[in-house]
There are 2 protein chains.
Amino acid sequence: MSLAQLHYFVAVAEEGHVGRAAARLRVAQPPVSRQLRALEDELGQALFERTPRGMRLLPPGERFLVYARAALSAIEQGRAAVTEARGTRGNVQ
Amino acid sequence: MSLAQLHYFVAVAEEGHVGRAAARLRVAQPPVSRQLRALEDELGQALFERTPRGMRLLPPGERFLVYARAALSAIEQGRAAVTEARGTRGNVQ
DNA sequence: TGAGGTTACGCCTATCGTAATAATG
DNA sequence: CATTATTACGATAGGCGTAACCTCA
C-alpha cells in the first residue's frame with residue numbers, strides 16, 4: 001500500500017470516475033486504474049463496481065474510505081503540527 | 001512522504017537507534033537513515049537529535065509521532081475493516 | 001459506436017544493499 | 001578507538017505516460 005494509492009482511491013470514490021479523478025490529480029488515467037487494482041489485490045477485496053458510466057463504491061470500499069481519509073488527514077495534521085512548530089524549537093537542549 | 005518513511009520514523013523514535021530500528025524492520029541501516037533525512041527535509045524541520053549513542057526525538061518529532069502513529073493505525077484499521085468484510089459483500093446490487 | 005476502464009511497453013526515477021567514510025564521546 | 005550515523009555507488013524495481021485495446025449499453 002502507498003499514499004498515492006490512498007489519494008487515488010479517495011479521488012475516484014469522490015468522483016465516481018477514473019478519468020475525472022485522474023484529471024483532478026493531474027495524472028493520466030492508467031496510473032490511477034493500475035494503483036486501484038493493486039490496492040484491491042492487496043486487500044483481497046473489490047472496492048469498486050465497474051459500470052459503463054464509471055466506478056461505484058462497493059460496501060467494502062465504503063468501509064475503507066473512512067480509514068483512508070483518516071490516514072491522509074492524520075498526515076496533513078502531522079505536517080501542520082511540525083510546520084507550526086517553527087520558532088518553537090528553542091528547547092533543543 | 002511515504003508510508004515507509006512513517007514506519008521508519010516510528011521505529012527509530014521507539015528504538016532511539018537507527019541500527020536497532022533497521023534490524024526490527026528487516027532492512028539495512030542506510031535506507032532508514034536516508035528516509036529519515038528525506039522526511040526531515042520535506043517537513044523543513046529536524047525531528048531527531050543525533051548523538052553518538054543514537055537518536056533522540058526533538059519536540060517537533062514528538063508532535064509528529066502522534067500523527068504518524070495515527071495514520072499507520074488508520075491504515076491497519078482500514079485493512080481490517082475490509083478484510084472482515086469478506087462474506088458480507090452480499091449487497092453488491 | 002462511443003464512453004470509459006484496462007493492458008502493453010519503454011523510459012525514468014527512486015530505493016535498496018554493500019562498502020567506504022565521517023563524527024563524537 | 002569503538003560505536004553510530006551518513007555518503008557513494010552500482011543494481012533493481014516500481015511508477016509514469018503514450019498508445020493500443022477491450023467491454024458494454
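Every number in this text was worked out from the coordinates using simple rules, so none of it is lab data. These numbers were taken from a predicted model, which means no experiment stands behind them. Reconstructed Cβ throughout: ideal geometry from the backbone, glycine too, with neighbour counts over all protein chains shown.
Chain B residue nearest the axis that carries B onto A, by Cβ, with distance in whole Å, is B:A71, 2. For the protein assembly as shown, taking Cα atoms only, Rg and Dmax work out to 18.7, 61 Å respectively. Taking one equal scatterer on every alpha-carbon of chain A, how large is log10 of I(q)/I(0) by Debye at q = 0.10, 0.11, 0.23 1/Å? Each listed q corresponds, in turn, to -0.33, -0.38, -1.15. With label points defined 7 Å past Cα in the direction of Cβ, position B:E49 shows copy-to-copy spacings of 5.8 nm, given to one decimal and shortest first. Each Lys and Arg contributes +1 and each Asp and Glu -1, all at the Cβ; summed about the Cα centre of the stretch B:3-91, the dipole is approximately 280 debye. Each copy carries a label point for A:S73 at 7 Å from Cα toward Cβ; from one copy, the others' points are 1.4 nm away, ordered from shortest. Think of the protein assembly as shown as having a plus end and a minus end, set by charges on the Cβ of Lys, Arg, Asp and Glu; of B:L43, B:Q77, A:F64, B:L43 sits farthest toward the positive end of this dipole.
For the stretch A:33-39, backbone phi angles converted through the Karplus equation (6.51, -1.76, 1.60; θ = phi - 60°) give residue-by-residue couplings of 4, 5, 5, 5, 5, 4, 5 Hz, Gly and Pro being listed as x. The 3J(HN,Hα) values that the Karplus relation (6.51, -1.76, 1.60; θ = phi - 60°) gives for the stretch A:56-70 are, in residue order, 10, 5, 8, x, x, x, 4, 5, 5, 3, 4, 7, 4, 5, 4 Hz. Gly and Pro appear as x. The helix-based estimate of mean residue ellipticity at 222 nm for chain B, built from -39,500 (n - 2.57) per DSSP H run of four or more residues and divided by its residue count, is -22000 deg cm²/dmol to the nearest 500. Close amide H contacts of B:L57 (hydrogens built in the peptide plane, cut-off under 5 Å, sequence separation of 5 or more or a different chain): B:E49.
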